[in-house]
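> To start, I am sharing the structure in question, which I have written as C-alpha cells.
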Amino acid sequence: MKKLFYFVMMIFVIFFISSCDKRSKNSYVPEYSTSPLVLQKTVYIFGVHPLHNPTHLFKVYQPMIKYINARLEDSELRLEASRNYAAYDKKLFSGYFDFSLPNPYQTVTAVKNGYKIFGKMGDDENFRGIILVRKDSSVKEVNDLKGKTVSYPAPTALAATMMPQWFLYQNGLDINNDIVNSYVGSQESSIMNVYLGKSMAAATWPPPWLAFMKERPEIAKDLIVKWQTSALPNNGLVVRADVPQDLVDKVSEIIFNLHTHEKGREILKAMELSRYERATNRGYDPVRKFLKKFEDEVRPIRMNDE
C-alpha cells in the first residue's frame, strides 16, 4: 500500500514540474517595435546677448536655431536668452554657453575666458550708435543735453551705450558729470524712455530701432535719429574651446551660407541682417583699441552694479 502511495506521489511531482516548465517557456513572448531606436542627442547651449527682450529675441533667433538643428545628426543647439546684460555677461564669462552671439566688447572679453571667435554678423556699417530724441524736443545741439537724462540699455552695450557716450564726450560733454546716465535694461526700454519723457535722449543702435519702427510705428513716428556714431566690427560668433571642432565646422557652414538661399534670407531678414561671415580674433583689434580709449578717457566699462 505504501509502495503504491509513493508511486502515485512520484507521478504527480513529475507531472507538476513538467507543467511549470512548459508554462515558464510559453510565458515569454518577444516584443517588436515598429519605430527605430532614437539615440539621445548632445545638447549645446547657444546664448544671444540682449539685443531684444527675451520674448522678441526668441521670435527672431529661434528660426535659425531650428534650421541648424534640422541639419545636425547627433547634436542640437538650444537657444537661451538672458533677462539683461549683467545676467548674460555672468553666463558668458563663466563659460556657461557652448556657442554665443555677443556684442564686440563681450566678444573680445570672451576670448580671455575660454572662447574662440569663429564668425560675426556682416553689415559692419550698421554697427554704430544712434541717439534718438522726440520730434518736439528742444534739443538742437549736444550741449543742450547738459543737466538732462540720457537712457541706454546697459553699461556694457557697445554700440548702444559706449559708442554714443564716446560721441557725446568727443562733442564736449563730461558724461560723468554733465548728464544723468540711466541704464534701463534693454534697447526697447531705452527707446520708450525718451518717448515717455523719462529721458531727454535715448541711445540704441540700428537693428533694434528698425525693428521698433516696424512693430511700434505709432510711437516711432514721434521720434527722430538726432545723431549717429562711426562704425566698428559687428557682433561676433564665439564657441567654447572644448566644443568638438567637427560640430563647429558644421554649424559654421550652415550659418555662413544662410544668405545663399531663400529660407536663409528669410531668417536673416528678421535679424535686420544680410549675412554672417567668417572672422578671427585679429579682426576685432579695432574694438580693442576703442575700448582702451574709452576706459582711459571716459569711464570704466564694468560698472559697480555689474
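The values are calculated or read from the model by the stated rules, or taken from the named source; none is laboratory data. The shown structure was predicted, so the numbers you read here are calculated from the model rather than taken from an experiment. Cβ sites come from the backbone with ideal geometry, for glycine too, and all protein chains shown count toward neighbours. For the accessible areas, the whole protein counts, side chains as well, though only heavy atoms, and no ligand, DNA or RNA atoms are used. Shrake-Rupley method; radii C 1.70, N 1.55, O 1.52, S 1.80 Å.
> From the list Ser190, Ser137, exactly one residue is modelled with pLDDT of 95 or more and closer than 24 Å to Ser82 by Cβ. Which is it?
Ser190
> Hey, another quick one. Answer yes or no: is there a residue in the range 95-106 that is surrounded by fewer than 22 Cβ atoms within 10 Å (Cβ to Cβ) and either β-branched (Val, Ile, Thr) or in a loop (DSSP other than H, G, I, E, B) (or both).
Looking through the range 95-106, at least one residue is surrounded by fewer than 22 Cβ atoms within 10 Å (Cβ to Cβ) and either β-branched (Val, Ile, Thr) or in a loop (DSSP other than H, G, I, E, B) (or both).
> Here is a further query. Among the residues of the range 61-88, which ones are modelled with pLDDT of 95 or more and among the charged types (D, E, K, R)?
Of everything in the range 61-88, those that are modelled with pLDDT of 95 or more and among the charged types (D, E, K, R) turn out to be Lys66, Arg71, Glu76, Arg78, Glu80.
> Which residues, counting only those in the range 246-277, are over 30 Å from Phe212 (Cβ atoms) and either in contact (Cβ under 8 Å) with a residue 12 or more places away in the chain or of a type in the set (Lys, Arg) (or both)?
Across the range 246-277, the qualifying residues are Leu247, Val248, Lys250, Ser252.
> Here's something else I'd like to know. Could you check the range 242-293 and list, in sequence order, the residues that are assigned to a helix (DSSP H, G or I), among the acidic types (Asp, Glu) and either surrounded by 12 or more Cβ atoms within 10 Å (Cβ to Cβ) or more than 21 Å from the chain's Cα centre (by Cα) (or both)?
Residues satisfying the conditions are Asp246, Glu262, Glu266, Asp285.
Okay, residues lined up against (1) among the aliphatic types (A, V, I, L, M); (2) more than 14 Å from Ile68 (Cα to Cα); (3) in contact with a Leu (Cβ under 7 Å, 6 or more places away or on another chain); (4) modelled with pLDDT of 95 or more:
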residue	(1), (2), (3), (4)
Pro233	no, yes, no, yes
Val238	yes, yes, no, yes
Val248	yes, no, no, yes
Thr260	no, yes, no, yes
Lys263	no, no, no, yes
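> May I ask you to list pairs of residues, at least six apart or on different chains, whose Cβ atoms are under 9 Å apart, with the first in the range 108-121 being more than 15 Å from Ala279 (Cα to Cα) and the second being open to solvent by less than 50 Å² (accessible area, probe 1.4 Å) and of a type in the set (Gly, Ala, Ser)?
Asn113/Gly95; Gly114/Gly95
> Examine the range 214-224 for a residue that is of a type outside the set (Phe, Trp, Tyr), under 19 Å from the mean Cα position of the chain (by Cα), at negative phi and surrounded by 15 or more Cβ atoms within 10 Å (Cβ to Cβ), and state whether such a residue exists.
Within the range 214-224, not a single residue is of a type outside the set (Phe, Trp, Tyr), under 19 Å from the mean Cα position of the chain (by Cα), at negative phi and surrounded by 15 or more Cβ atoms within 10 Å (Cβ to Cβ).
> Condition first: touching a helix residue (DSSP H, G or I) at 6+ places or on another chain (Cβ under 9 Å) and surrounded by 19 or more Cβ atoms within 10 Å (Cβ to Cβ). Can you find one or more residues in the range 171-179 that meet it?
Taking every residue of the range 171-179 in turn, at least one turns out to be touching a helix residue (DSSP H, G or I) at 6+ places or on another chain (Cβ under 9 Å) and surrounded by 19 or more Cβ atoms within 10 Å (Cβ to Cβ).
> Within the range 112-121, identify whether any single residue is closer than 23 Å to Ser230 by Cα, open to solvent by less than 50 Å² (accessible area, probe 1.4 Å) and assigned to a helix (DSSP H, G or I), and answer yes or no.
no
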